[in-house]
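Please read the structure below before turning to the comments.
The values are calculated or read from the model by the stated rules, or taken from the named source; none is laboratory data. This structure is a prediction, so every number in the text was calculated from the model and none was measured. Methodologically, a virtual Cβ is constructed for each residue, glycine included, from the backbone with ideal geometry; neighbour enumeration extends over all protein chains shown.
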Amino acid sequence: MNENSTNTDLLIRYLDGELEGAELESVKKNIEADPVLREELENLNLAKEAVTSYGMRKKIQAIHPEMIRELRENSGNKTGVTHMIFQYGFRAAAVLIVLFGISLFYQYYTSTPEKLFNENFKSYDLRVTRGSSNSSLEDLYEKGDMTGLINRFNHLKSPQAADYFLAANAYLNTHRSDSAIILFVDLENLNRTNHTHYFEEDTEYFLALSYLANREPAKALPLFEKIHANSSHPFHSAVSAWFLSRLKRSL
């Protein structure tokens, strides 16, 4: 990692309040002494602001009062009014474009496995089942009783494919990604041994998410790339080229 990249990483951590002690004091002193660092900090702060709630809208709204004032002053001049409308419309569009670009930069540069997981994880919906769905664990999953589901799964003598899948998702829902990974891999091996395809595509996606949650993006990447390359995959729309770019940045 080069010096510029290191400085940017430190500034982002500074903005996010992640620095402490001597490291925090060192960064503060460097910011005070280095105008280039101060400028970069201001740009990063603007980028962070742009992706917060209503950030873009507020900046566009700030133009609005000035536009109304000048339109009133030029109300007797149709040519002037037309010019003002065009001028401020163009300015608003320019602000949007700049802020959108900055927000993308910030999203890209701050990508981590945890952030990617939190942005993309959504609990599996049993109403869209694509495999064997006669599991005795379904009722517990529907009720959201993930702990009860895991306990019951651990007492099953001969768990079926759907049992593995639901228990793995229960672990993922309760922030136990390491256990979720084990069960998703067990399900893949079960399908491979029995030449079946129960929850095959769903398992690919949720196993990849489990790797993200477990801070193993290198293991998640080939699974997400496979999903992205298959336009008929049920989770294809969830894995965009932008998502893959951010994932690679997090490696």
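Below is a table of values for the structure above.
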| item | result |
| --- | --- |
| Residue check for Ser179: touching a helix residue (DSSP H, G or I) at 6+ places or on another chain (Cβ under 9 Å), more than 30 Å from Asn43 (Cα to Cα) and modelled with pLDDT under 95 | no |
| Failed item in (1) in contact with a Leu (Cβ under 7 Å, 6 or more places away or on another chain); (2) more than 17 Å from Glu114 (Cβ to Cβ); (3) at pLDDT below 95, with Asn134 passing the rest | (1) |
| Every residue from segment 16-49 that is in a helix (DSSP H, G or I), charged (D, E, K, R), at pLDDT 85 or above and closer than 23 Å to Thr112 by Cα | Glu23 |
| Verdict on Arg215 being among the basic types (Lys, Arg), assigned by TED's automatic domain parsing to the domain that holds Val185 and touching a Lys or Arg at 6+ places or on another chain (Cβ under 9 Å) | no |
| Answer from Leu207, Leu212 - the residue that is buried (at least 18 other Cβ atoms within 10 Å of the Cβ), farther than 22 Å from Leu126 by Cα and within 19 Å of the chain's Cα centre (by Cα) | Leu212 |
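Condition check ((1) loosely packed, with under 14 Cβ neighbours inside 10 Å; (2) more than 25 Å from the chain's Cα centre (by Cα); (3) more than 25 Å from Ser237 (Cα to Cα)) across all residues:
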residue	(1), (2), (3)
Ser111	no, no, no
Leu116	no, no, no
Leu149	no, yes, yes
His155	yes, yes, yes
Ala170	no, no, no
